[in-house]
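The values are calculated or read from the model by the stated rules, or taken from the named source; none is laboratory data. Source: prediction; values computed, not measured. Backbone-built Cβ (ideal geometry, glycine too); neighbour counts: all protein chains shown. Calculation scope for accessible area: heavy atoms of the full protein, side chains included, ligands and nucleic acids excluded. Shrake-Rupley method; radii C 1.70, N 1.55, O 1.52, S 1.80 Å.
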Amino acid sequence: MHKYVYLFSEGNGSMRELLGGKGANLAEMTNLGMPVPQGFTISTEACTKYYEDGRSINAEIQAQTYEALAKIEALNGKKFGDVKNPLLVSVRSGSRASMPGMMDTILNLGMNDAVAAGLTAGNPAPAFARFVYDSYRRFIQMFSDVVMELSKKTFEVIIDELKEERGIKDDIDLTADDMKKLVVLFKAHYKKEKGADFPDNPADQLMEAIKAVFRSWDNPRANVYRRMNNIPYSWGTAVNVQPMVFGNLNENSGTGVAFTRDPATGEKALFGEYLINAQGEDVVAGIRTPNKISKLQEDMPGVYAQFVDIANRLESHYRDMQDMEFTIENGKLYMLQTRNGKRTAAAALQIACDLVDEGVINEKEAVMRVEPNQLDALLHPQFDTAALKAAEVVGKGLAASPGAACGRVVFTAEDAKQWNANGEKVVLVRLETSPEDIEGMAAAQGILTVRGGMTSHAAVVARGMGTCCVSGCGEITVNEEAKQFTLAGKTYKEGDWISINGSTGNIYGCVIKTTEASISGNFDRFMQWADSFRTLKVRTNADTPHDTAQAVSFGAEGIGLCRTEHMFFEASRIKAMREMIVAKTVEARKAALAKILPYQQGDFEAMYKELQGRPMTVRYLDPPLHEFLPTREEDIVELAKELNITTDELKDVISSLHEFNPMMGHRGCRLAVTYPEIAEMQTTAVINAAINVNRAHPDYAVEPEIMIPLVGEVKELKFVKDIVVATADKLIADAGVTMSYKVGTMIEIPRAALTADEIAKEAEFFSFGTNDLTQMTFGFSRDDAGKFLDAYYDRKIYESDPFAHLDETGVGRLVKMAVELGKATRPDIKLGICGEHGGDPASVEFCHNVGLNYVSCSPFRVPIARLAAAQAAIKAN
């Protein structure tokens, strides 16, 4: 018989794949002798089996579950479903990768009318009766929401109506009779919505709850989170069933969340929050504002001392900052979870450096501890100091996730996505965020919530994403339906500008100028460690001296892609470009190109100077020519006048350039085959720029790298290369200098990858243009694929966006093939990647493993690629 269910005492911390993170850590804490309510874990294999069996739990898994339940009944001296001495349980998910707020939890399971009545019969005190019915109404609410998909908010409305009727503000002020009334109202609401009575058989409740956790692995928010974090669908989730301990029993009980170090700054000090007389969801949901963990020393000194000792033991055992959940029942401490804590980028670096200094871990381990994508948060703008001083603070919340955000107010995740897609910067304002808001949170510059503490959903998820967040600003009155909120006597409507500071919690009712991020200290030290382990070089994609300087300051070792067409779009240059396009003779085209030449050469000189001898790969003109011409009637009329031709003549040119599929049309090297003079002009600009910079700075020893795009046939590469070589050699000879240069190509057409051995006879380097290679391999347009890819994700055909994460199975196979074929022809061929994948950590690891020399990515992703390359090298050894 296959084992699907494990008691906590049967597992350990190394069994993550089978027991999930939460289950493995509960087992590990049990082995360490910590006060953990003893339960059991239903494995991730059971989740896989559930889906294989058409979303049903087979008899074997059910039998093992009931067998484990009997064992924990014996351990706890209570019986599941018993009226006088009932065992109530919590049912929680736990995948092997931490997915905060993404999966679902049910507390107080096993409760029904008879159990509630039996409990209160044994202890009729009003405070105990309040606890029993508070636990019961919470169970109905959670079970209805998680298992039966009846919105939690509809129950919150019923609570708010009762509080209003009773003239009270907080849930804690509701009496035992109020709680009983809520149970009746909740069950009536359930029956009205579902057309059936609320399920009261504890065994049914348990199986339905386990199914719901398995189902939640496939809910939309879990799928989005997995896609964002590259977590495979095949992993599945485990289910943890644990006897309840009650933080809402009385005033000598409570619940909390704490970190062994500050997750925002990394400071070595216990950081967290707790609530007296509450259950765990209250702290995270932010319905009441919690106390700081230090106050527990006053409230319950013995419990606090025990908790500090456990926290220290856990950190030294796991050798990392821990995020812990605990409950106190009638003065007794219980540990419900520990995991490596989510942290901001600044905290991640601080903790990594501190743990090295404390002798806990070595530099190699420290490099593996920081998520490459997290570094993004350190590199983004902060508020300009002078502008910040002049701005008026209109409110203050908790500084939940650092950074600066300025944007237009939106009130729903859908609106945040929509506005962001339209190019607007937004700040998402919510009463409190929930896991359904994940896509809107990802689209927003910042998140502002009315409720919630430092460990609320909004805070945890924002910190993980590196998004600025201010939570728990209770001064705000928000009306989500009217799409407005009021703060400090002023009403802000959808579309109004606000600014928030996630490092201080301050809120400003205006636009505040931002300044570039500055990085030093821990960052430089940590990145030096990373650089010492990596073998893959990291270049940048840059088209301007400003971007080049930015990338070099972030550690770029050259430019892997300079898109020359971006230089043609500037107002001063576009006219000459358009003259070239409408020219009817070679002479007229050359005359127009001669006007562009000085601009192009000037740009290259400026970039070579910024690079100070680092290499630069210049890609020749790539887009189809129609992109340089207008489409609106009034612009066409105006341009015809400028070019001194009739409107009809210009329209004829535009119409002649029209293509049904321009991405596969007259572009890339095909332009240079048709109009060799374009390649001549660009070669002149590159070579002259290099000669001039070498004269001024002999120590730079610039060696141009000229890249011919969109090659699919070696003969077309040879044709363009011959033009480049003839032009370059003449310029170098005329200048009386010696200078070497390289001519290579982009591998972005599948045929180029398939014939890379032939192409390498002419190409001295390959750069994989994985944006186009992905597009042509999959046969869909990256501009249009977004319209249908969601359906592919929902149906598990694709698990992630192939334009964001390199498709190793198909596109990756072409890259690997081209690498092997290219090296067979030319063993010293230089190999790089310059698509967006160059800054994606998983893709960087692939590039390391297939033997590329470098990756190239946008300037702000350079540190991410440097760290990803280091981690790839460490993993490979």
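Below are the figures for this structure:
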read-out: For the range 365-417: rounded, prolate or oblate by the Cα gyration tensor [a/c cutoff 1.5]; value: oblate
read-out: Within straight-line cross-link reach of Lys787, lysines at Cα separation under 23 Å, skipping those fewer than 8 residues along the same chain; value: Lys417, Lys425, Lys796
read-out: Per-peptide average of other Cβ atoms within 10 Å, ordering 582-589, 206-213 highest first; value: 206-213, 582-589
read-out: Pairwise Cα inverse-distance average, inverted: Kirkwood Rh of the range 764-861 (Å); value: 14.1 Å
read-out: Top positive-direction residue, dipole computed over the range 250-326 with Cβ charges, set Thr289, Gly254, Asn312; value: Asn312
read-out: Antiparallel %, DSSP beta bridges [both residues in the chain], to 5; value: 60 percent
read-out: Size of electric dipole in the range 334-480: Cβ of Lys, Arg +1 and of Asp, Glu -1, about Cα centre, debye, nearest 20; value: 120 debye
read-out: Rough spin-label spacing in nm, given labels placed 7 Å along Cα→Cβ, for Gln528 and His666; value: 5.6 nm
read-out: Given Lys153/Lys194; Lys79/Lys181; Lys295/Lys342; Lys3/Lys49; Lys163/Lys490, the pairs whose alpha carbons are separated by over 18 Å; value: Lys79/Lys181; Lys295/Lys342; Lys163/Lys490
read-out: 222 nm mean residue ellipticity, helices alone, for the chain (DSSP H n ≥ 4; -39,500 (n - 2.57); rounded to 500); value: -14500 deg cm²/dmol
read-out: Label-point separation, Ser316 to Lys295 (7 Å along Cα→Cβ), nm; value: 3.1 nm
read-out: Per principal axis, descending, Cα span of the range 549-660 in whole Å; value: 51, 29, 22
read-out: Leu107 accessible area, 1.4 Å probe, all protein chains in place, Å² to nearest 10; value: 10 Å²
read-out: Dimensionless Rg over Rh [the chain; C-alpha; Kirkwood]; value: 1.03
read-out: Shape box of the range 390-528 [Cα atoms, principal axes, largest first, Å]; value: 52, 35, 31
read-out: Of Ala121, Thr154, Ser135, farthest towards positive along the dipole that unit charges on Lys, Arg, Asp, Glu beta carbons give the range 112-193; value: Ala121
read-out: Sequence-distant lysines (8 or more away, or on other chains) whose Cα lies within less than 29 Å of Lys651; value: Lys575, Lys584, Lys590, Lys595, Lys641
read-out: Projected label distance in nm at Ala125 and Thr504, using a 7 Å step from Cα toward the beta-carbon; value: 4.8 nm
read-out: Computed magnitude of the charge dipole of the chain (debye, nearest 20; Cβ of K, R +1, Cβ of D, E -1); value: 920 debye
read-out: Farthest positive-ward along the chain dipole, Cα basis, beta-carbon charges - from Val582, Ile708, Ser90; value: Ser90
read-out: FRET efficiency for Leu32 and Tyr792, using Cβ-Cβ distance with R0 set to 45 Å, rounded to 0.05; value: 0.50
read-out: Gain in span if fully extended, Asn12 to Asp722, counting 0.36 nm per residue against the direct Cα distance; value: 249.0 nm
read-out: Extended-chain gain in nm, criterion 0.36 nm per residue less alpha-carbon gap, Lys641 and Ser151; value: 170.2 nm
read-out: Two-decimal ratio, the range 820-877, of alpha-carbon radius of gyration to 2.2 N^0.38 Å; value: 1.14
read-out: Protection proxy ranking, peptides 616-622, 419-425, 43-49, 564-570, average beta carbon neighbours within 10 Å, highest first; value: 616-622, 43-49, 564-570, 419-425
read-out: Scaled radius of gyration (Cα, divided by 2.2 N^0.38 Å) that the range 190-278 gives; value: 1.55
read-out: Three-way shape label, the range 236-277, alpha-carbon gyration tensor, a/c 1.5; value: oblate
read-out: Label point at Tyr66 placed 7 Å out along Cα→Cβ; residues across the range 192-215 whose backbone nitrogen lies under 11 Å; value: 203-204
read-out: FRET efficiency, Lys84 to Asp160 (Cβ-Cβ, R0 41 Å, nearest 0.05); value: 0.70
read-out: Percent of C-alpha pairs per 10 Å bin, the range 322-361, short to long; value: 26, 34, 25, 14, 0
read-out: Charged-residue dipole, Cβ positions (Lys, Arg, Asp, Glu), the range 293-358 about Cα centre, Debye nearest 20; value: 180 debye
